[in-house]
Structure formats: structure tokens, C-alpha cells
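The values are calculated or read from the model by the stated rules, or taken from the named source; none is laboratory data. All of these numbers come straight from a predicted model, not from anything done at the bench. Here Cβ is always computed from backbone atoms with ideal geometry, including for glycine, and neighbour counts include all displayed protein chains. Only protein heavy atoms, including side chains, enter the accessible area calculation; ligands, DNA and RNA are left aside. Shrake-Rupley method; radii C 1.70, N 1.55, O 1.52, S 1.80 Å.
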Amino acid sequence: MSRLTDLIARAKARDSALGDELEREFKALASRRAFGLNFERHRPESVELPGRPVRRGDKVRVLPPRGTTQRGDQRLWRVTRLSADVEARMAQITLIDVETPETAEVAVADLVVVAEFRDFIYPGLVSTGRVTRGGNKPFHTVINGENFHVLEALTYTHRGKIDAIYIDPPYNSGASDWKYNNDYVEKDDLYRHSKWLAMMERRLKVAGRLLNPHNSVLIVAIDDKEFSRLALLLEQVFPEARQEMITSVINPRGKYRQGEFARCEEYLFFLSFGSAKVLGEPDDDFGAGATVSWRTLRRSDLSSARGTKKGGTGQFYPIYINGSGKIEKIGDPLEHGVDRSTAPSLPDCVAVFPIRDDGTEMNWGLTAPSLGDLLTKGYVRVGRATPDKPQNCEISYLTSGRIADIETGRAKVFGRAKDGSVVARYEASKIKMPVSTWSRPSHNAEICGTDLLKRLIGERAFPFPKSLFAVEDCLRLFVADKPNATIVDFFSGSGTTAHAVMRLNRQDGGRRQCISITNNEVAADEQAALRTAGLRPGDLDWEKWGICDYITKPRIAAAITGKTPEGKDIEGDYKFTDEFPIAEGFEENAEFFTLTYESHVAVGANFAFQRIAPLLWMRAGSEGRRIDGLPATGWEVADTYGLLVDLDRAGAFCEAVAAQGGLRVAYVVTDDDRRFQAVARALPDGVEPVRLYESYLSNFRFSMGR
């Protein structure tokens, strides 16, 4: 139907009356939708690649003149020839997909390469910097690129290996917060929702190939604009997953909306795959050092009052307290209707009955024999005397759950009170299952998101960053028992997810790593000023204001080093689960990359190795030294992988791999499958043999299902 809207627009241009009539009929037809999630899978998305060198055969667009804010020519052209003049290079281009051929000659500097999502891609990575404070720990990676293509790149490095994906996609508010085919999607766009669904579906399908099918989780944050459609989409894309939705209060005051409810919450979808399950979280009421809680022995509900059917006849009896404040004896039950004053008395003791302040006779929570058993073990406690009330002393006991905590060692008895009851405290926090509605101060997006980000990188504007502690809590519920987990965020924005993973590592000494994917888009309200100044995407003075270079990378560097981009110690402390000065930073490593688009010919001929090298390193765990160039000796062994390019040196290579031990992958460059198999057989057990570049090229040529 998106094609129909294009045709209607063309009809309007020629005959406005005819166009209007066609549009009315089209809207009537469009309103008759099938039941369920039904949306237009719009023409394949495309992305402009500023900075990518123009090659013969590329798809390109012609850029508008520098210094103007007008929209450029959105038609696609094919480069058929490039001039040899390096100083003022020209390109011969031909219009694509038109009945009447059209050609033009344009300066290469006025062209931008375009990649359509239906095209094959052969990705590479170029390092743009790193921060190292973590010794031999794995590197967190930040990749600047179109997230759909970066996800495809990860199918080569991390297919089926990801433990958790956390994403906070654009909320589709209509406020120019995301683009579809290089255009911001506005509020009045008739296809706003279907474009969003098409965008999400493409990425979710690729992301699903990364998740470990046996034990992993996908977490998606969203607000009220798209949560209902997202729920159906997730069920449709991942029918094998168990889906739950959490409501999380992120703005207790609410966001004012004229004539509408002030929204204070967002929604979190958790999709569990395989055996993944919620691990629970520490119970604040039973934290380490907290005393074991006691329950009052007197029943509180009127349906359990003396004389009721529920109350029974065996739980109204006297408990005799002596002058030392100890229980001397547990008396016999009184039948219904028997005045409690007729109960026997004991010398120097006070008889205590379960009586409410208004005089209503209740029942005790246990029968006399059961209470006696607990009393012998110290599980019954005498509280403060209340001589001015009908029940002249408070009495409590330990429930079966608290008793189990003591008897299994979760809580330790440190002594006895004067009445003989145990004094017990928890050695470690007790674990509880979180409820499905979260209202926690630590999840306040303004204080723990916006304000915290300002501490890290100053007044650099970024809209609505997530609470660091909210993301941390989400991940902890699924990766607390996975100290080597790999987490992906392909809408990483300000880098909150990577920051949260660092905090988790600090709390338990983990070696988790996060792969953060973001583009370097400049905010919509800043682009006009930059264009007026004669700048274009790809210019250094344009790119420095992009999300990745201006926000994500500085934030992650600041978190690790504890210093602002200006080199000053960051003020303030982290709060909640793990409190310490922000300036301490983290013992972590991070490296920043930009996605590149390679020619399959160059890859196969070994001419693109430097840009393929980071992918090989990531596939081996993003850990230790990387082999960045082809080894002159014909082979090389790094910390987690090895590379063999000269098969005549296979014997020495295999011996070095065996001698080093602990290697995960051995890359063998050869077109000869027979010789590759021979090398694979000679490798030690546990080392994965990978054939280059056959494995790489086939992954992107066939596995992506174009």
C-alpha cells in the first residue's frame, strides 16, 4: 500500500480532483483490516553511508549543494564510470529502476553511497579508539553504524552466543525521534505505526539469530505509543519465547499532557528463551545483617475471631508469662462460650489471651501443642507488656519460612534473648521474585538517567536517557549467575547498558561484556545550522556532533576512567545497590569501532584483512591482543585465537596453538577444503577451526536470506 500512496501523490500532481477521490477510496479500503497484527512491510530500508569511498557499481544519491538546507535528490543512481583525475574526480551515473534511461556526470564529492537492506553486505570494522583499565578482561565494544547491518555482522561473530539483549528503541512519538529511509517519521504520517513495525521486525529477526536458544533473554523498553503493537509483534517473531510485561514507574510526578492522564510509567517486555528464568533479587526486608522477622501470634482477621467457624475451638487458650518475662506455661484451650476469667491461674504469672484493643476475643495463630514445639526451640518471643490493654502482653513467633532460613543456614542464630527466644540475623540477602509493577526511586529517569549523564559528560544534550540502575536491575535478573555473559544493545543511545554491565561486573568480579550499537546521527534541530554552515554528513565538523562521537563514546570512557571529557574527576557517588564515588571508575576495557562496507572481491583476495581483523578478534571473545595485519611469518597466535595464512607452515602453527593452550579459534586462510580439513584434524581438541574467507563470505552471501 505504500506504493499506492506514491502513485496517488503522482495522480494528485496531475489531477488534484482525481487524486483526492482516489485517496478517499484508498482510506476506505485501508480501514478494512484483517484481525490481528497486520501492517505494511514497506519498501526495503536504505541507509546513506557518508565517508564511504565511491566505487564503480555503487548505488548513490546526489547531494544538495553545500550551504543549503533543501532536501537532496532521493532517486538512486548507479556509478558506471569514475574518472582518473584524483584532484577533481568525476563520476558517470545512471538512474536506477526507470523506464527511460537517464545519465549524468557529477563530482564524486557530491555523491553519497547508499546501501539498501535487500543488498548483500560484507562488513568490516575500523577502530577509532580504546580505553584500557581492565587488565586481561574482555573488551566492551561500541560500534558506530546502521544497526541492521551491524546485527548482520554479528551473525558471523556471535551467532547463538548472546546471553541477553536489552534495547530501548525509538518510541515513535512523532517528534522526529527516528528515521525511515533517511526521512524523519512525523506525527501526521499515515504509515507511522506500520513503518515502525517494519523497522522493528527486520531488526528483531536478525537479533533472534544471535540469542542463545538454550538460555537467553530479550528485554525491550517501550512506552504507551507502541506497547500494544509491540506485544503482538514479539509474539509473532518469537513464538517459542515466554513473554512477560512489567510496568515500571520512571517519572513519579507524571509527564503533563493536556486533557490526558499524566504518564508516569513505561513498559518492559521480557522474552525468555530455553531454560532462562527470572533469578530473583535481594529482599530489602531480609538483607545481609537484617534480623529475622517475627509474626504476631494473635490472628488479625475478624473471620478468625473466637466462636467463628474458621476460628475453631483449639486456639483460644491462656499463655502464662512469669515475672521474668518468660513463658511459664501454655494453658489448655477454652470451649466457645466459656468465660476466659474461669481459666486457672498460676502463682506470679499473668495469663495472656488473644484480645483486640476493642475487646474482641480472637484466636492464636497456632494450636497449643504447635506453639509448645516452637517454644522449646526458641521460636516464640515475648514482647513488651501492655497492661492498659485487654491483651496485656505481645507474643510473636517465627513462621515456617523464617524457621527454614535458620535451619538451612541462610540466617544465623547469634544468641538468645532473656525470654529464651533466638536472636537471628541473615548472613546474606534473601532472594525474592520481583512483582510485575515496579515503583522504585532508583528507576527515576530524571535523577538516575538525565542528571547522572550530566555528571559524566556535562551539558551535552541527549533526550531521555534511561536510569542506569533500572537497566542494571533488568539485566541482573537474568545474568547474575553468568559472570561471562555477553550482552547486546542495538539501540544503545547514550551507552547506559554498557555502563550497567560494568556495575554488575564490579559487584561480583564478573567478566561480562557489552556490545553497544549506535549510529552517529546528529540531532534533528542541529542539522539545519550545520547545513547552513556548509557542512555535510561525513565532514569531521559534522560527525563530531553525532550521537556516537559526542555522547556514547565519551560516556563510556567517562564511566571507566571516572573523569569527564575535560579530564576532571566526576563528582558524586553511585547509589543504591553498590555505593561508591563515580570518580573511582571501573576496571574495564572498551574499544570503539566504525562499521565499514567491503567488496567481496577484496575480502576474498585478502586485501581487506585489516578491516576484517576486528571481527575475527570479536568472534574469539574480544579479549587480549588482536592480530591486525597479515603475519610475515605465515602464521601468528594471539591470546585467544590464531591465524594461518601460509599452509606450508601448518605444522609450526598447530604446534604453537597446542603449546599456548586456551585458544578458542584457529582461522585458516585457504580455498582448498581438503587442506583445511587436514589442518583442522591437527588442531587440539576445543579449538574451533574456521576457514577464511569461505565462512565469512558464505555467512553474508547465503545466511542472511535475501
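Observations
- For Ser216, the residues whose modelled amide H falls within less than 5 Å of its own, excluding neighbours fewer than 5 places apart on the same chain, are Phe273, Ser275, Ala276.
- Distance between modelled label sites at Gln660 and Ala84, nm, 7 Å Cα→Cβ extension: 4.5 nm
- Label zone at Lys412, where the point sits 7 Å out along the Cα-to-Cβ direction: region 426-459 residues whose backbone N lies under 18 Å: 426-431
- Ratio Rg/Rh, restricted to region 549-706 and using Cα atoms, in which Rh is the Kirkwood radius: 1.11
- Residue-normalised accessible area of the chain, given per residue in Å² at a 1.4 Å probe: 48 Å²
- Net charge over other residues, Cβ less than 13 angstrom from the Cβ of Asn136 (K, R count +1; D, E count -1): 0
- Electrostatic bookkeeping for Asp508 treats Lys and Arg as +1 and Asp and Glu as -1; over the other residues with beta carbon under 11 Å from its beta carbon, the sum is +4.
- Computed lengthening from Asp283 to Lys329, 0.36 nm per intervening residue step minus Cα-Cα distance: 13.0 nm
- Distance from region 515-554 to region 439-489 (C-alpha centre basis), Å: 23 Å
- Equivalent ellipsoid dimensions for region 508-628 as semi-axes, Å, which come from the Cα gyration tensor, largest first: 30, 26, 11
- Label point distance in nm, Ser228-Leu22, each placed 7 Å from Cα along Cα→Cβ: 3.2 nm
- Share of carbon and sulfur in the accessible heavy-atom surface of region 444-592 [1.4 Å probe, %]: 52 percent
- Here the accessible area of region 253-372 is 50 percent carbon and sulfur, with a 1.4 angstrom probe and all protein chains present.
- Extension gain for the segment Thr94 to Glu244, taken as residue separation times 0.36 nm less the Cα-Cα distance, is 48.9 nm to one decimal.
- Contour minus Cα-Cα distance for Asn322 and Asn38 (0.36 nm per residue): 94.7 nm
- Among the listed pairs Lys137/Lys575; Lys432/Lys466; Lys377/Lys575, those beyond 32 Å (Cα-Cα): Lys377/Lys575
- Under 15 Å, Cβ to Cβ, from His336 - net charge with Lys/Arg +1 and Asp/Glu -1: 0
- Whole-angstrom Cα spans of the chain along principal axes, big to small: 115, 79, 50
- Accessible surface ranking for Lys389, Lys27, Lys277, 1.4 angstrom probe, highest first: Lys277, Lys27, Lys389.
- For the peptides 84-92, 377-385, 216-224, residues were scored by their other Cβ atoms within 10 Å and the scores averaged per peptide; the highest-first order is 216-224, 377-385, 84-92.
- Cβ-placed point charges (K, R +1; D, E -1), dipole of the chain about Cα centre in debye, nearest 20: 920 debye
- Å³ per residue enclosed by the Cα convex hull of region 420-565: 156 Å³
- Per-residue HN-Hα couplings for region 192-209 [Karplus 6.51, -1.76, 1.60; θ = phi - 60°; Hz; x = Gly/Pro]: 4, 6, 6, 4, 5, 5, 4, 4, 5, 4, 4, 6, 5, 5, 6, 4, x, 6
- Converting the Cα gyration tensor eigenvalues of region 321-431 into ellipsoid dimensions via √(5λ) gives semi-axes, longest first, of 29, 15, 13 Å.
- Computed helical MRE - 222 nm, the chain, DSSP H runs ≥ 4 contributing -39500 (n - 2.57), nearest 500: -8000 deg cm²/dmol
- Note on surface exposure: Trp542, Trp635 rank Trp635, Trp542 by accessible area, highest first, 1.4 Å probe.
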